[in-house]
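*Asks:* Structure in C-alpha cells, see below.
The values are calculated or read from the model by the stated rules, or taken from the named source; none is laboratory data. Since the structure is predicted, the reported quantities are computational estimates derived from the model, not experimental observations. Reconstructed Cβ throughout: ideal geometry from the backbone, glycine too, with neighbour counts over all protein chains shown. For the accessible areas, the whole protein counts, side chains as well, though only heavy atoms, and no ligand, DNA or RNA atoms are used. Shrake-Rupley method; radii C 1.70, N 1.55, O 1.52, S 1.80 Å.
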Amino acid sequence: LQNISLIETTLEKMEQLIFDVLNYSSVTEENSEKTKVNTNTLLKELEEILYIPSHIDLKLPLNLPIVEGDKMKLQQVFQNLITNAVKFSNKTKGLIEVEVKDTPQFYQFSVKDNGIGIEKKYHDKIFKIFHTLNKSKNSSGIGLSIVKKIVNVHGGQVWVESEPNICTTFYFTLKKYKHGKT
C-alpha cells in the first residue's frame, strides 16, 4: 500500500508538471488574444474562485485600471502570485495586499504578503523555470516563470522585493491601455 501511495503521489506531481510545462510553452505573443481587461472585474472573479484560508485577509483596491491584454493570461499572473502568497503564509494573521500605482507609461501592480519571505540571493533565481525554493508536492517551479513570461509578452517587467520572515512584494508592470483608465 505504501508503494501504491508513493506511485499515486508521483503521478499527481508528474501530471501537474506536464500541465505546467504545457501552460508555460503556450505563452506566446502570437496566441495572445488582446482585449480591454477590467482588472477590477478580473480580481473580483478571481477572489470568488481562489481558496483563501480564514486566517488570511486579502485586500484589493477599489479602483483598478483597464489594461490591454489577454484576460486569461493576466488572470493567471494574479492567481499565481496570490496562490503563492497563501501557500507561503506562516503567520497566524496572514495579509495579502494587491495595489496599483499609476505611472506615465505603465500601471505598476504589486502583490504583497507577510509570509516567509525570500532571501535576496534567490530573487533572480525564482523566476527561472523549474526553480523552486521549497520542495513540495504541489510546486513544480514553473509558476513564477509563467508569471514572468506572461508579463514580458505584455511588454512589462516583473521583480521581487522581500525580507525573510517579514514580507514579500512581487511587482509587475503592464502598459497602459491606449484610451486610458475608467
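*Asks:* Answer yes or no as to whether Ile82 is assigned to a loop (DSSP other than H, G, I, E, B) and either open to solvent by 30 Å² or more (accessible area, probe 1.4 Å) or within 17 Å of Asn40 (Cα to Cα) (or both). Full working, then the answer.
*Replies:* Working: assigned to a loop (DSSP other than H, G, I, E, B): no; either open to solvent by 30 Å² or more (accessible area, probe 1.4 Å) or within 17 Å of Asn40 (Cα to Cα) (or both): yes.
No: the conditions fail for Ile82.
*Asks:* Return the total of residues in the range 33-46 being at pLDDT 90 or above and either open to solvent by 30 Å² or more (accessible area, probe 1.4 Å) or over 24 Å from Phe106 (Cβ atoms) (or both).
*Replies:* Summing the residues that are at pLDDT 90 or above and either open to solvent by 30 Å² or more (accessible area, probe 1.4 Å) or over 24 Å from Phe106 (Cβ atoms) (or both) in the range 33-46 gives 6.
*Asks:* Within the range 128-138, does at least one residue satisfy the condition of being modelled with pLDDT of 65 or more, out of contact with any Pro (no Cβ under 8 Å at 6 or more places or on another chain) and at negative phi?
*Replies:* To start, the set of residues in the range 128-138 that are modelled with pLDDT of 65 or more comprises 128.
Now narrow it down to the ones that are out of contact with any Pro (no Cβ under 8 Å at 6 or more places or on another chain): 128.
Filter again for at negative phi, leaving 128.
Among the residues of the range 128-138, at least one is modelled with pLDDT of 65 or more, out of contact with any Pro (no Cβ under 8 Å at 6 or more places or on another chain) and at negative phi, which makes the answer yes.
*Asks:* State which residue pairs qualify: first residue closer than 19 Å to Thr169 by Cα and open to solvent by less than 40 Å² (accessible area, probe 1.4 Å) and inside the range 49-64, second residue in a loop (DSSP other than H, G, I, E, B) and of a type outside the set (Gly, Ala, Ser) in any location, beta carbons under 7 Å apart, and separation of 6 or more residues or different chains.
*Replies:* Listed by first residue and then by second, the contacts come to Leu58/Ile52.
*Asks:* Taking the range 92-118 as the search range and keeping residues that are over 22 Å from Leu43 (Cα atoms) and open to solvent by less than 90 Å² (accessible area, probe 1.4 Å), which one is modelled with the lowest pLDDT?
*Replies:* Ile118
*Asks:* Which residue is most open to solvent (accessible area, probe 1.4 Å), if the candidates are limited to the range 142-176 and must be among the basic types (Lys, Arg) and in a helix (DSSP H, G or I)? Walk me through how you get there before you give the answer.
*Replies:* Step one: list which residues in the range 142-176 are among the basic types (Lys, Arg), which gives 148-149, 175-176.
Subsequent filtering for residues that are in a helix (DSSP H, G or I) retains 148-149.
Numbers: Lys148: 77, Lys149: 54 Å².
Selected residue: Lys148.
*Asks:* A further question follows. Does Lys91 meet the test of being more than 21 Å from Val151 (Cα to Cα) and basic (Lys, Arg)? Let's see the steps before the verdict.
*Replies:* Working: more than 21 Å from Val151 (Cα to Cα): yes; basic (Lys, Arg): yes.
Considered against the rule, which asks whether it is more than 21 Å from Val151 (Cα to Cα) and basic (Lys, Arg), Lys91 comes out as yes.
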